[in-house]
Amino acid sequence: MNTKEINTEIKKRLEVDSKVLDELMDSLSVIIKNEVLEGNSIALQGFGTFELRKKSERISVNPTTKQRMLVPPKQTLSFKPSSILKEKFNQEN
């Protein structure tokens with residue numbers, strides 16, 4: 001499902017105007033981006049938590065050449081599903 005399909009589904013369920021929905025989705029996206037970039041986690045009840053994680057530098061080995069390289073530290077965005085979401089996945093399997 002892509003953004004357009006998500007927006008169409010939300011419009012059907014909430015019966016809202018396209019312009020209002022676009023503003024809502026843009027605002028939500030900006031809020032999540034800003035909070036995560038500031039180092040805060042975003043918890044959406046019943047869905048999960050987005051947070052920024054810091055990975056420290058490490059040494060990696062190229063398996064072909066056996067050359068060792070230093071991989072610099074970096075930040076990654078992680079998502080941890082809520083227990084409710086996990087339960088729903090387990091029930092469907």
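The values are calculated or read from the model by the stated rules, or taken from the named source; none is laboratory data. This is a predicted model, so every value here is computed, not measured. Cβ atoms come from the backbone with ideal geometry, glycine included; neighbour counts cover every protein chain shown. What goes into the accessible areas is simple: the full protein's heavy atoms, side chains included, and nothing from ligands, DNA or RNA. Shrake-Rupley method; radii C 1.70, N 1.55, O 1.52, S 1.80 Å.
Note down all Cβ pairs under 8 Å where the first residue falls in region 26-48 and is within 25 Å of LYS86 (Cβ to Cβ), the second is open to solvent by 80 Å² or more (accessible area, probe 1.4 Å) and of a type in the set (A, V, I, L, M), and they're at least six residues apart or on different chains.
Close Cβ pairs (under 8 Å, with a partner that is open to solvent by 80 Å² or more (accessible area, probe 1.4 Å) and of a type in the set (A, V, I, L, M)) amount to VAL36/LEU77; GLY46/ILE84.
Would you be able to tell me the number of residues in region 21-55 that are of a type in the set (Val, Ile, Thr) and either touching a Ser or Thr at 6+ places or on another chain (Cβ under 7 Å) or open to solvent by 80 Å² or more (accessible area, probe 1.4 Å) (or both)?
Taking region 21-55 and keeping what is of a type in the set (Val, Ile, Thr), we get 30-32, 36, 42, 49.
Checking the rest, the ones that are also either touching a Ser or Thr at 6+ places or on another chain (Cβ under 7 Å) or open to solvent by 80 Å² or more (accessible area, probe 1.4 Å) (or both) come to 31, 42, 49.
Summing the residues that are of a type in the set (Val, Ile, Thr) and either touching a Ser or Thr at 6+ places or on another chain (Cβ under 7 Å) or open to solvent by 80 Å² or more (accessible area, probe 1.4 Å) (or both) in region 21-55 gives 3.
Cβ-Cβ below 6 Å, separation at least six or inter-chain, first residue in region 53-69 and over 22 Å from GLY39 (Cα atoms), second small (Gly, Ala, Ser): which pairs?
From residues that are over 22 Å from GLY39 (Cα atoms), the pairs are MET69/SER60.
Out of the residues in region 56-68 that are in a loop (DSSP other than H, G, I, E, B) and among the β-branched types (Val, Ile, Thr), which is surrounded by the fewest Cβ atoms within 10 Å (Cβ to Cβ)?
THR64
Go through (1) in contact (Cβ under 8 Å) with a residue 24 or more places away in the chain; (2) in contact with a helix residue (DSSP H, G or I) (Cβ under 7 Å, 6 or more places away or on another chain); (3) not charged (D, E, K, R) for ILE10 and report which single condition fails.
The single condition ILE10 does not satisfy is (1).
Give the residue that is most open to solvent (accessible area, probe 1.4 Å), with candidates limited to residues of region 69-90 that are β-branched (Val, Ile, Thr) and under 23 Å from the mean Cα position of the chain (by Cα). Step through it out loud before you land on a result.
So in region 69-90, the residues β-branched (Val, Ile, Thr) come out as 71, 76, 84.
Then keep just the ones that are under 23 Å from the mean Cα position of the chain (by Cα); that gives 76, 84.
Details: THR76: 38, ILE84: 87 Å².
Once the filter is applied, the top-ranked residue is ILE84.
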